[in-house]
Each structure stands twice: as C-alpha cells, then as structure tokens.
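> The following block contains the structure, expressed as structure tokens.
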Amino acid sequence: MTGEQQKRLEECSKKNPQDPICSILQASFNFFNLSCQASENKPSDNEAKNQLNQTANTFSQILTVKNVSSTFSNNQTSEFLNNIETAALISFAQAPRTQSVSTPQLNISMKASSDICGSGGQVFSVMTGGNDMEVPCHLVSGKKDGVVLIAYKDLASYINGNFIGNIGDPEENDLVSINSRVISGAITSYAQETFSHPVIFRLVQIKPRLRLYKLHCVFWDPKNNGWSDEGCETKYSNQTHTICSCSHLSSLAVIMAPQELKDDFILTVITYVGLNVSLVCLLLSLLTFILCRSLRSAHTSVLTAICGCLFLAQLLVLVGLVQTQNELVCSIIAGGLHFLFLCAFSWMSIESFLLFMTVRNLRAVNYMTSQRSRFSIMCLLAFGVPTVIVGVTIGVGFKKYRSLKYCWLHPSLVWSFLGPTCVFISTNTILLILTVVLLRKRLASLNTNVSTLKNTRFLTFKALAQTFILGCTWSIGYFQFASFSQIMSYLFTICNSPQGAYIFIVHCLLNHQVRGEYRKFFSKQKKKSQDVSSMQTASRSVNMSNITVPTATTSTLSTENKAQWM
C-alpha cells in the first residue's frame, strides 16, 4: 500500500471508519500486510487459497453495503478495481495454481499457463460467470505465469454509463447503460503495456441489444477515471454475447449507447417534397377559409387555426430544424416547434369534439355551421394547454431544448411531447367511436329526407378522414423504435409530410360549398379576363381609326411633290 493510501486510511479511521471506501482501504491494507508476512515463509496452497477467499469475501461484503453506490466516485472506482486485481495476482504469485473463488458479489478464476502452453498450445482461455478470456501463450510463457479473471456481479449498477468519456453523444449519457458484468483481466507478466496480438474477451450481455442502439467494448481507464474504447474493438455481437478484442488488459464492460442515425437520402427527399406540397395546400386552405365570407362558421374558424399552426410548424421544420450552430436560436426553434405542434393537436381535439356535438345535436343546433360560437373559449383551451406544457418543460430543462443534430427536444424530455399527443390521439379516437355510434342511431331514425341523409353521410366520411389525419398518422411515430423501425419511419414520413394536402382535399376539394365558391371565383376571373381582352381589342380599333389617311389627299400630295421636282 502506498504512503498516500495509508494516509487516507488513517484519516478514514478518525472520521468515519464505517465508510465503504474506508473499508476497501482497510481490506487492502490487511491483505497486503498478510502477503508481506507470508513472503518470508512461503504459504501452502490451502493457506493462499484461504487468504484469497477471506479477502474476496471482505470486498464482496463491502459491495453489499446499501449506500456504497452513492459513495462510489470515479477515483474510488479505479482504486477498488486495482486493489482487487492486485490482491488476486499476489495470491496467484504466492502459489501458482488453477482455482476459482466465488462470493455473492464477485467471482475470481485463476489458471496457470503451463497447463496449456507448456504442451505446445498457442492460446488458452479462462472462464468465470459465463465470461471468457482468451490469451496468447507468448504473453505468459514462464513456468509460473498465469491469468486471473474477475467478474463483478452488481458493480455495473454502481459505475454506470454516466462515467462514460468519449463514447457516443455526451448529451445522451442518461440513455447509456452497461449491458454486461464488469470483468477484470490480468496476467502475471507486466513486460508489455500493449500487445501485438490482442486478448479476446467474450462477454455475456445482461439484456438483448435495443433497436437503434450500438454496443461498445470499453475498459476502465485509471488515468482518466472513466470508460474509454481506446485499444478495444467490438468484433462481433448478437442478442446474447459480445466479442471484444483489446491490445491491453484492464477492467472491461459492454456499453449500450444510442447509435448515430445515418441520414437516409430517399427519406430526406420524401420529407422535403411532402413538406413543400403540404405548405402549398395549407396556404390554399387558409386563403379559402379567410377570403370566402360565405364559408365562415365555427367549423372553418377551427380549421383556420389548425391550418395556421400546421403551416407555421412545418415551415419551421423546413427551414430551422437543422440550425444548430447557435444554441439560443436552436432552443427557440425547438420550443416553437413544441408549442405549435401541441397547439395543432389541441385544435384537432376541439375539431373532433365539434364533430361529435354536431352529430349529437343533429336535429337541433348544428355546431359545425353555426355563426354563433364560443371561439374565445376555444382559443383559451387550444393555446393555453400547450403554453402550460411548454412552460413546465422549460422550467424542468431549458438547455435540453436542442440536440447535436436537430433543434428539437432532447430524448430525456421527448415525453413532454409524446405524452400530450398520446392523450390527444386517444381523445380523438374515443370521440370518433362515439360519433360513429351516434351516426348509426341517427341514420336509423331519420326520415327519407335526401339532403339530410347526404349531409349525415358526409359527416361520417369527414369524421373518419379527420381522425386519420389528426391521429392515426401521428400514432405511427410511436412504433419507430421497434424492430421494423425503418419501415415505420417511411410510413410516418409518407403519411405526415403531406398532411396539409389531406386537409385541403377533405375540407376544400370534397366540399360542394367550397367548390361552388371556387367556381364563382374562377368565373369572375374568366369574365374579367374576357372584359380586359374586349377592352384591349376596342382600344386597338380606335387607335387604328385615328391614324387612317384619306386616299385622295395622299394622291394630291403625291402630285404636288412631283410638280415641285419637275
């Protein structure tokens, strides 16, 4: 034990001898002290084994302390791992042999290289807890050389992915986790820090790899007191095991972190084309609902609000989603997108409610076409609820209103959008079911009035189309992280990018009243064009008549000119 460690042990003994870190130092001191005493009188194999068992049990008991996870820091982790590894190597050096030690918190396996390499073998392996370590024989060619492999059962929960250094996106460290047991591999020969022929590790995964996640073989770097992948390569991984190749030895683990998504060119093209088409259709819908006075009603007011929110949101997606250079601007864009999309969903729920109320009061007041509406209350609800949600989200973490690639919510806050949208979609779905049930009852009780029957059937179609536009297409986004995420990403993009086109077709082109307004508009434009054309023709005729010269005068002038020249 170094002088610094002894000093720390003395300080711990005075202040808080029950501290788990002090217990680690005390256990290390006791073991090293016994080892120094035993070096004078070589211990037997049983004595060395008992000594190692006692030390392993002491370290195991330390790891079972309830508050040890809260006291483990990066420096203490490095010291803990180093002390156990050193204790195992010293125990093997005192009595080289092949043996295993098992405790509730860790397993230790030792193996003498002479058993395999002495008979002409090229590599030999040692296994513990299902994890395997394969070492080239030339690294342990001595008669008393060997390998030690230690597997920690619960240490991964103490030193989790938050200690990660340069693996993945630093902003996504809370999504990083250790997906294997932490193992320590050591050899008795310290002649080389790095090996020309790598050591191969086969680690058992705790759980299958998640979709859109990548597995990294990492080691605990005692210099930087954190995880690093320098010198370690992930050779292969499936749903149960990961094979790592390392040019050095240390404590090893498999880190599962979100992988960086590669841009899909076809998906990008579909997105941009769909958004441009949607913006044009949303603009046409807005102009239709605003300029056509005969269409104004509670229904068109809500549709105007929906189109306005979607238009601004999709325009912001088109021009601002990747503007990550300025953090403040990017955060404002992300907050604007969050607010606008939530507002669109709020108006969509109000629209579904109006459809339901229209069917419910079919024989009384038509909520969809009535000029008298409580639009101010609707605005308060549709804009108030998103304002509260965005305000709370900003209070929780304003700095997480961005990521490295997009101006959107950080993954840790994305549920502030997905949660409310799930509520809105569920509400729309319930209202649709109730609307269809009521429509069936109304259709059964209606008389043979053709116009009423047609209006009711059209309401049914609008309810179905509205729910598809306002909910079903967005719900596809919840399945983008499943095993078929690529297919779902294409479906989500294809269905949602041209959302404005759906609204324009359903509420404008398929609405006979709107088509009538369009015909009036184009008829007026055609009449104006014809009038302008007639006026231009008449003007040209007047101009031509003004510059006509009589023939007789022309002849007289010609005769006079001839006389002068003669």
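> Could you work out the Rg to Rh ratio of the stretch 193-318, with Rh taken as the Kirkwood radius (inverse of the mean 1/r over all Cα pairs)? Walk me through the numbers before you get to the answer.
Numbers: Rg = 26.9 Å, Rh = 19.4 Å.
Rg divided by Rh gives 1.38.
> Taking the Cα centre of the stretch 75-143 as origin, sum charge times position over the Cβ atoms of Lys and Arg (+1) and Asp and Glu (-1), and report the length of that vector in debye to the nearest 20. Walk me through the numbers on the way to the answer.
Values: 3 positive and 5 negative charges, 47 e Å.
In debye, rounded to 20, the stretch 75-143 gives about 220.
> Say each of Q54 and I377 gets a label point 7 Å from the Cα, pointing the same way as Cα to Cβ; how far apart are those two points in nm?
8.1 nm
> Going through the cross-link list K111/K235; K153/K214; K153/K399, which pairs have a Cα-Cα distance over 30 Å in this structure? List each step's numbers first, then the result.
Values: K111/K235 25 Å; K153/K214 22 Å; K153/K399 36 Å.
Distance filter (> 30 Å) returns K153/K399.
> Taking 0.36 nm per residue of separation and subtracting the Cα-Cα distance, what length does fully extending S125 through R360 add?
Values: separation 235, 0.36 × 235 = 84.60 nm, distance 7.54 nm.
Stretched fully, the S125-R360 segment lengthens by 77.1 nm.
> Contour minus end-to-end for H138 and L491, with contour as 0.36 nm per residue of separation and end-to-end as the Cα-Cα distance? Intermediate values should be presented prior to the final figure.
Details: separation 353, 0.36 × 353 = 127.08 nm, distance 5.56 nm.
Contour length minus the Cα-Cα distance gives 121.5 nm.
> Still on this structure, I have one more. Filter the trypsin sites (Lys or Arg not before Pro) in the stretch 374-438 down to the DSSP loop ones having no more than 10 other Cβ atoms within 10 Å, then list what survives. Mind showing how you got there, number by number?
Numbers: sites: R374, K399, K400, R402, K405; in loops: R374, R402, K405.
Listed in order of number, the matching sites are R374.
> Could you please put S346, S189 in sequence from largest to smallest accessible area, using a 1.4 Å probe?
Details: S346 10, S189 35 Å².
Greatest to least solvent exposure: S189, S346.
> Follow-up. Could you give the length gained by full extension between Q513 and F398, i.e. 0.36 nm per residue of separation minus their alpha carbon distance, to one decimal place? Before the final figure, lay out the partial values.
Numbers: separation 115, 0.36 × 115 = 41.40 nm, distance 4.64 nm.
Net length gain for the segment: 36.8 nm.
> Given R₀ = 56 Å, what would the calculated FRET efficiency be for L434 paired with S189, taking r from the Cβ atoms and rounding to 0.05? Can you show the working numbers first?
On the way: r = 76 Å, r/R0 = 1.36.
It comes out at approximately 0.15.
The values are calculated or read from the model by the stated rules, or taken from the named source; none is laboratory data. Every value quoted in this text rests on a predicted model; they were computed, and no experiment measured them. For neighbour counting, all protein chains shown are included, and Cβ atoms are generated from backbone atoms with ideal geometry for every residue, glycine included. Ligands, DNA and RNA are excluded from the accessible area calculation, which covers all protein heavy atoms including side chains. Shrake-Rupley method; radii C 1.70, N 1.55, O 1.52, S 1.80 Å.
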